[in-house]
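Comments concern the structure below.
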Amino acid sequence: VYKVYANSLFHDEEKIGTVFVHRDITKEAEIDQMKSEFVSTVSHELRTPLASIYGYTELMLNRELKPERQKKYLTTIYQETKRLTSLINDFLDVQRMEAGKQSYEKKYIDLLEIIEKVVDSQKINTTEHHFEVQVDTSFTTVLGDKDKLKQVFTNLISNAIKYSPNGGKIQIQLYQDSGYLQTAIKDEGLGIPTDALDKLFSKFYRVDNSDRRTIGGTGLGLAIVKEISYAHDGDVFVSSEYGKGSTFTIKLPLVETISNTTDPIESTK
Ligand code: ADP
């Protein structure tokens, strides 16, 4: 749907022409809808952990509690505080990335080590899922920002857990393909409808259907994954079968490729 605005141009009270401005209002309406969904999502995402922190603190202040109970409540308060912090960090990251102000501290790092650390830390959040890491490459070194790449795999693996509500296997496979180290993260979860695939990496986008209404999120995780992959001269793509599961693949240049192309001796020849 297009809206056409016509503005008449006057020059010394004499009409000299008309300017037509075409605005794609389908896109504007979509953005408006995404914005209002975002505001309600954010309010909900902030309110849930805050309500729990408030409730447990109130309980602890007003009641004599046994040490085990105190520890249990404090653990919840700690986890919810962590959740709020990571939510706010996501907002700040997206803002920084959009302003082109995100900085990357790249070093030669072992991607497998990062992935194994993320898997270990994510395992704590679930007893329903079974993890499998398969390494089909002898090279796993990339030039990258350790914390940012950790964030990429945390977002993808936590999504695999979150969107597989009935559990199942989460398979992580590392392999080499034409100078790139590829990491595929495969789940047996809800899957993604075909018409949603091209919008998935846009910020604030969330697939909306009854299966997912109770699953929390802001729609920022995959947008952040995409930005970080691009900043590493890499890419991310997804394939999915609705109702069966999804595979997200991250592609990063292997160090061998980078050192060949940036070899100072090569470049002065
Ligand atoms: P969030 O999880 O906070 O909503 P993301 O940007 O991480 O945001 O993901 C965007 C949307 O993509 C999610 O809302 C969900 O609908 C869909 N999605 C992401 N990962 C998966 C997955 N592994 N399986 C099914 N759907 C997924």
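Key figures
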| read-out | value |
| --- | --- |
| Tensor-based shape of region 36-148 (alpha-carbon gyration tensor, a/c under 1.5 rounded, otherwise prolate or oblate) | oblate |
| Listed residue (THR85, GLY191, ILE25) projecting farthest to the positive dipole end of the chain, Cβ model | THR85 |
| Carbon + sulfur, % of accessible area of region 1-147 - ligands and nucleic acids excluded, 1.4 Å | 53 percent |
| Most mobile listed residue (TYR56, TYR163, TYR230) in the chain, GNM with C-alpha springs under 10 Å | TYR56 |
| Region 68-214: C-alpha gyration tensor shape, a/c 1.5 cut-off, then a/b vs b/c | rounded |
| The chain, accessible area per residue, ligands and nucleic acids excluded (1.4 Å, Å²) | 63 Å² |
| Gain upon complete extension [ILE124, THR18; 0.36 nm per residue less C-alpha separation] | 31.7 nm |
| Given charges at beta-carbon only (K, R positive; D, E negative), |dipole| of region 126-207 in Debye | 320 debye |
| Residue-span extension gain [LYS117 to GLN79] - 0.36 nm each, minus C-alpha spacing | 11.8 nm |
| Where labels lie 7 Å past Cα in the beta-carbon direction, separation of ASP198 and GLU98 in nm | 2.3 nm |
| Relative contact order, percent, the chain [alpha-carbon distance under 8 Å, six or more residues apart] | 15 percent |
| Shape category assigned to the chain from the gyration tensor of Cα positions, a/c cut at 1.5 | oblate |
| Total formal charge among the other residues, if their Cβ is under 9 angstrom from that of ILE161, Lys/Arg +1 and Asp/Glu -1 | -1 |
| Calculated diffusion of region 174-251, Stokes-Einstein form, Kirkwood radius summed over Cα pairs, 20 °C and 1.002 mPa s, µm²/s | 160 µm²/s |
| Of LEU252, VAL225, TYR175, farthest towards positive along the dipole that unit charges on Lys, Arg, Asp, Glu beta carbons give the chain | VAL225 |
| Positive-end extreme of charge dipole, the chain - chosen from SER240, ILE115, TYR54 (charges on Cβ) | TYR54 |
| Stretchable slack from THR247 to ASN62, in nm (0.36 nm times residue separation minus alpha-carbon distance) | 61.8 nm |
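The values are calculated or read from the model by the stated rules, or taken from the named source; none is laboratory data. These numbers come from a predicted model, not from an experiment. So basically every Cβ, Gly included, is an ideal-geometry build from the backbone, and we count neighbours across all protein chains shown. The area values use the complete protein model at the heavy-atom level, side chains included, leaving out ligands, DNA and RNA. Shrake-Rupley method; radii C 1.70, N 1.55, O 1.52, S 1.80 Å.
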